[in-house]
Structure formats: C-alpha cells, structure tokens
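The values are calculated or read from the model by the stated rules, or taken from the named source; none is laboratory data. The structure presented is a predicted model; accordingly, all values stated were derived computationally and were not measured. All Cβ positions, glycine included, derive from the backbone under ideal geometry; neighbour counts span all protein chains shown.
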Amino acid sequence: MSSIGNMKFIYETKEKYFILKFKSKRLIELSREDKLQGRFHRIDSLDWSEIPTCSWIKAMDVVILCINKSLKTKMGVKGSYI
C-alpha cells in the first residue's frame, strides 16, 4: 500500500514516476476546482471506469493519473486496483 511519505520520497528525491495501489480510504480531488475549494472524495465512493483520470491526492501537490484496473490471477482470484 501507499503512504504519502513514500510517494513524496520517490517523486521528489528520486525524481521517478511509479505505479501503486491506493488504500480505499485515500482522499483525492478530481478537478482543479475541487483542489482550489478543498473538496475531497474517498476513492471507494467514486464510480470508476478504466478511463484514466487526472487527480490530486490529499497532502500532495502533484497531479496523478488514476485508473481502475481489474485483474485476474493465475489462480482465478479477481481484484480491482485504483
């Protein structure tokens, strides 16, 4: 799982992009207007499609690209990652 500290370290110190799974309780802002007004949405309360969405994570000033990806393991276990 992701933590703000780890994300900031990777992005700011290592200057790298990365892929990670968010906790369902993570708060994001879906638009620049949401960011300016401080309107946050819980990830698990949103209706996600597999269309990438630019968002902002609470406590980070970096635009992120969110996508909901459904995966199936070799053992048939299904999961959804945002």
Residue, modelled with the highest pLDDT, within segment 1-26, restricted to residues that are among the polar types (S, T, N, Q) and under 18 Å from Lys69 (Cβ atoms): Ser24
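Residue-by-condition table, conditions (1) within 24 Å of Glu12 (Cα to Cα); (2) modelled with pLDDT under 85; (3) in contact with a Pro (Cβ under 7 Å, 6 or more places away or on another chain):
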position	(1), (2), (3)
Ile28	yes, no, no
Leu36	yes, no, no
Trp56	yes, no, no
Asp61	yes, yes, no
Ile64	yes, yes, no
Leu71	no, yes, no
Met75	no, yes, no
Lys78	no, yes, no
Hits in segment 38-53 (condition: closer than 24 Å to Lys8 by Cα and either of a type in the set (Asp, Glu) or surrounded by 12 or more Cβ atoms within 10 Å (Cβ to Cβ) (or both)): Arg39, Phe40, His41, Arg42, Ile43, Asp44, Thr53
Search result, residues across segment 11-51 that are assigned to a loop (DSSP other than H, G, I, E, B), within 13 Å of the chain's Cα centre (by Cα) and of a type in the set (Lys, Arg): Lys21, Lys23, Lys25, Arg26
Would you check which residues across segment 11-25 are among the charged types (D, E, K, R) and touching a helix residue (DSSP H, G or I) at 6+ places or on another chain (Cβ under 9 Å) and list them? Lys16, Lys23, Lys25
Six or more apart or on different chains, Cβ under 9 Å: which pairs go from a residue in segment 1-24 that's surrounded by fewer than 10 Cβ atoms within 10 Å (Cβ to Cβ) to one that's modelled with pLDDT under 80? Could you list them? Met1/Leu20; Met1/Lys21; Met1/Phe22; Met1/Lys23
